[in-house]
Amino acid sequence: MTKTAEQYTDLDKIRHSCAHVLAQAVKRLYPRARLGFGPPVEEGFYYDIALEAPLGEEDLKRIENEMEKIVKADYIFEKKMVSAAEARRIFEEKNETFKVETVDALGGREALSVVVDGDFTDLCKYPHAHSTGAIKAFKLTSLAGAYWKGIETNPVLQRIYGTAFGSKKELDEYVRVREEAKKRDHRKIGKELDFFSIQEEGGQGLIFYHPKGALLRHLIEQFVKEEHLKRGYQFVIGPQILKSDVWVRSGHYSYYKENMFVFKTEDEKEYAIKPMNCPGHMLIYKTRVRSYRDLPLRFFEMGNVCRNEKSGVLHGLLRVRNFTQDDAHIFSTPESLEKEIGSVVDFIFHVLDAFGFHEREIEISTRPKDSIGTGEDWARATAALEGALKTKKVEYKICEGEGAFYGPKIDVKIKDALGRSWQCSTIQCDFALPERFDLEYTGADGQRHRPVMIHRAILGSVERFMGTLLEHYAGALPFWLSPVQVSLIPVAEAHEAYAKKIQKEIEDAGLRAELQPATDTLGARIRRAQNEKIPAMFILGDKEVKAEKVSIRSREAGDQGQKTLADFLKTAAEGVHKR
């Protein structure tokens, strides 16, 4: 969301000022350029600019050099209030057609704000640093295309991204993390480890899982399913398509239709591929009379859903059109609501810890402007979410107006090895949809009552979580998650029989091993296993056969010497058990 002027931090002011300096430099180098917008964003800033010819990466350095001159000149940022007519005149003279359009869109307000520094004038109401000299360290980072105002029928502008910091040390650290992030890009790792592919022939935003990637996904899902069974969840499976009438009733048709795949059957009935699992779970709930003794009722589904995401936002595993949610809907009495939310919080933290995500940020998002349900129900739902976190002594922040259309929510953002935040688990509290679907239970008083529904996902999207895992571990997954846990490397063909014997014993113990036959040099096969990030390698030669042991090489620690297979299996089992 765009920050208000009051929300700008000192760093926001520096980055916003740097966006102005970027635009100023571009105008000096490309006088016929026309300017769009240039806000600060989470990691820096950007400016959308119309240019006669596309920029390349090599042009960024030239623009940076011109920006350095502007920073060195230490121009003061001077804000002036002018009439709409005067603002229109200023930008018409500069042929800034997008600025003129913006002035006209503001509807002829009495006064508009323009900012002047040196030879440059921009239309802007937001805060800036005192002068260009306050910008101590900056870097232009990338180029992209962007529709003017984000509307697909509008012209495509060139978006120039950059970042700025209060010191060169902070910038250098940012660049270091950014370079490390490139190495950890899950798309790169997924290709190197042969986990998955996205093929133009198959369609954008659709994932093809290769054998090892499919196994990794199975391991993730298997663990999560087992944890649900331990906590009294019941597995359900809903259909992939439902009549549009169901989506109209739930509200998704009104609030979400543009992201749904809608089609008609030969009898002209309209259906939609499900983008959510909740209506299906409510229809299952309604198939019989429920008592307060049945509640809380926890329905869980590894639900496959489809969303018609725009092609411009698709990104590897992180944003796709077909994905799976570890989705559950809990039907609770109002009296048990806060306790049930607390149990979900504990469940989320347990699972995230098991996968190695120990740093988390918690947010509560409140009622958006466009929503359903009564103010009283929204207040009760929000109070239950806050009460559960307070009972658990979990710190959180409030995100005003960012809830789902049917209820407020808790979002859990995990921190990866580079300190980056990833949206993961969610808990949404909903009084509205049980009302729309006329869900009931018989209370202890013999009367009919309305349950409350908790929507919750722990991993969120399995695809997104898998991509996050790959980047967090740079592909070097923990032993229990590695598709191949042990690479068996016989020194020569004569040792392959022993290797096969070891492989069977490993697999009988419930672990996963892969044999590399002696068709290449020993060094080449060790390097292959290392590049494939296999946690353990067994080098098997004459000494190992004679001693009935294995020589172990660790992915992280190198040679570990000889051990009996029994010792290795015991240590491995303990590691898996402690996950």
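The values are calculated or read from the model by the stated rules, or taken from the named source; none is laboratory data. Worth saying up front: this structure is predicted, and the values here are computed from it rather than measured. Here the Cβ positions follow ideal geometry from the backbone for every residue, glycine too, while neighbour counts run over all protein chains shown.
Answer yes or no: is there a residue in segment 224-232 that is in contact with a helix residue (DSSP H, G or I) (Cβ under 8 Å, 6 or more places away or on another chain) and either modelled with pLDDT under 95 or in a loop (DSSP other than H, G, I, E, B) (or both). The answer is yes, given that some residue of segment 224-232 is in contact with a helix residue (DSSP H, G or I) (Cβ under 8 Å, 6 or more places away or on another chain) and either modelled with pLDDT under 95 or in a loop (DSSP other than H, G, I, E, B) (or both). Taking each residue of segment 419-437 that is more than 15 Å from S365 (Cβ to Cβ) and without any contact (Cβ under 8 Å) to a residue 60 or more places away in the chain and looking for partners that are surrounded by fewer than 22 Cβ atoms within 10 Å (Cβ to Cβ) and polar (S, T, N, Q) with beta-carbon atoms closer than 9 Å, six or more apart or interchain, yields F431/T374. Out of curiosity, is E110 of a type in the set (D, E), within 41 Å of the chain's Cα centre (by Cα) and either assigned to a helix (DSSP H, G or I) or more than 19 Å from F37 (Cα to Cα) (or both)? When the stated conditions are applied, E110 does not pass them.
G316 meets the conditions (1) among the small types (G, A, S); (2) at negative phi; (3) in contact (Cβ under 8 Å) with a residue 60 or more places away in the chain in every case but one. The failed one is (2).
Of all residues in segment 546-575, those that are farther than 15 Å from A499 by Cβ have Cβ atoms under 6 Å from Cβ atoms of residues that are loosely packed, with under 13 Cβ neighbours inside 10 Å, 6 or more apart or on another chain, in Q560/S554.
Checking the stated criteria, G460 turns out not to satisfy the condition of being under 22 Å from V344 (Cα atoms), surrounded by 16 or more Cβ atoms within 10 Å (Cβ to Cβ), without any contact (Cβ under 8 Å) to a residue 60 or more places away in the chain and not acidic (D, E). Within the option set G419, G407, G401, being modelled with pLDDT under 95, farther than 23 Å from C278 by Cβ and either crowded, with 21+ Cβ neighbours inside 10 Å or out of contact with any Phe, Trp or Tyr (no Cβ under 8 Å at 6 or more places or on another chain) (or both) holds for one residue only, G419. Taken over segment 347-370, residues that are surrounded by 16 or more Cβ atoms within 10 Å (Cβ to Cβ) and touching a residue at least 40 places away in the same chain (Cβ under 8 Å) amount to 15. Is it fair to say G510 is surrounded by 20 or more Cβ atoms within 10 Å (Cβ to Cβ), at pLDDT below 95 and either within 32 Å of the chain's Cα centre (by Cα) or not assigned by TED's automatic domain parsing to the domain that holds R319 (or both)? Considered against the rule, which asks whether it is surrounded by 20 or more Cβ atoms within 10 Å (Cβ to Cβ), at pLDDT below 95 and either within 32 Å of the chain's Cα centre (by Cα) or not assigned by TED's automatic domain parsing to the domain that holds R319 (or both), G510 comes out as no. If you go through segment 249-286 and pick out every residue that is surrounded by 15 or more Cβ atoms within 10 Å (Cβ to Cβ) and closer than 17 Å to F405 by Cβ, you end up with 17. Exactly one residue among E340, E363, E376 is over 26 Å from T442 (Cβ atoms) and not in a loop (DSSP other than H, G, I, E, B), and that residue is E363. E496 meets all of the listed conditions (1) surrounded by 15 or more Cβ atoms within 10 Å (Cβ to Cβ); (2) assigned to a strand (DSSP E or B); (3) among the acidic types (D, E) but one, namely (2). Selection within segment 150-192: residues that are assigned to a helix (DSSP H, G or I) and buried (at least 17 other Cβ atoms within 10 Å of the Cβ). The member of this set that is nearest to the chain's Cα centre (by Cα) is H186. Residues in segment 543-556: is at least one out of contact with any helix residue (DSSP H, G or I) (no Cβ under 9 Å at 6 or more places or on another chain), closer than 30 Å to E227 by Cβ and surrounded by fewer than 17 Cβ atoms within 10 Å (Cβ to Cβ)? The answer is yes, given that some residue of segment 543-556 is out of contact with any helix residue (DSSP H, G or I) (no Cβ under 9 Å at 6 or more places or on another chain), closer than 30 Å to E227 by Cβ and surrounded by fewer than 17 Cβ atoms within 10 Å (Cβ to Cβ). Once segment 117-137 is narrowed to residues that are over 34 Å from the mean Cα position of the chain (by Cα) and crowded, with 16+ Cβ neighbours inside 10 Å, the residue that is farthest from R32 (Cα to Cα) is S131. M260 meets all of the listed conditions (1) touching a strand residue (DSSP E or B) at 6+ places or on another chain (Cβ under 6 Å); (2) at pLDDT 95 or above; (3) not charged (D, E, K, R) but one, namely (2). For segment 186-203, the condition of being small (G, A, S), farther than 23 Å from N322 by Cα and not assigned by TED's automatic domain parsing to the domain that holds S17 holds for none of the residues.
Figure legend. Inter-residue proximity from segment 125-149: first residues farther than 29 Å from P54 by Cα, second residues surrounded by fewer than 17 Cβ atoms within 10 Å (Cβ to Cβ) and at pLDDT 95 or above, beta-carbon distance below 7 Å, spacing 6+ or different chains. Indicated pairs: H130/I76; S131/D74; S131/I76; G133/D74.
When segment 399-415 is filtered for residues that are in a loop (DSSP other than H, G, I, E, B) and in contact (Cβ under 8 Å) with a residue 60 or more places away in the chain, the ones remaining, listed by number, are E402, F405, Y406.
Between T121, T102, the distinction of being assigned by TED's automatic domain parsing to the domain that holds I160, assigned to a strand (DSSP E or B) and farther than 30 Å from R178 by Cβ belongs to T121 only. Could you list, in sequence order, all residues of segment 283-324 that are of a type in the set (G, A, S) and within 17 Å of H455 (Cβ to Cβ)? Answer for segment 283-324, where residues must be of a type in the set (G, A, S) and within 17 Å of H455 (Cβ to Cβ): just G303. In this structure, T4 does satisfy being under 30 Å from S421 (Cβ atoms), modelled with pLDDT under 95 and of a type in the set (S, T, Y).
Of the residues that make up segment 390-398, is at least one surrounded by 15 or more Cβ atoms within 10 Å (Cβ to Cβ) and within 17 Å of the chain's Cα centre (by Cα)? No, the conditions are met nowhere in segment 390-398.
Considering only residues that are among the β-branched types (V, I, T) and modelled with pLDDT of 90 or more, look in segment 373-392 and name the one that is nearest to E435 (Cα to Cα). If we take residues in segment 373-392 being among the β-branched types (V, I, T) and modelled with pLDDT of 90 or more, then T382 is nearest to E435 (Cα to Cα).
A quick yes/no check of all residues on (1) under 20 Å from the mean Cα position of the chain (by Cα); (2) basic (K, R); (3) modelled with pLDDT under 95; (4) assigned by TED's automatic domain parsing to the domain that holds H281:
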{"position": "L433", "(1), (2), (3), (4)": "no, no, yes, yes"}
{"position": "R448", "(1), (2), (3), (4)": "no, yes, no, yes"}
{"position": "I458", "(1), (2), (3), (4)": "yes, no, no, yes"}
{"position": "T468", "(1), (2), (3), (4)": "yes, no, no, yes"}
{"position": "S487", "(1), (2), (3), (4)": "no, no, no, no"}
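Being surrounded by 24 or more Cβ atoms within 10 Å (Cβ to Cβ) and either within 14 Å of I63 (Cβ to Cβ) or small (G, A, S) (or both) is the requirement here; does V26 meet it? For V26, the condition - surrounded by 24 or more Cβ atoms within 10 Å (Cβ to Cβ) and either within 14 Å of I63 (Cβ to Cβ) or small (G, A, S) (or both) - is not met.
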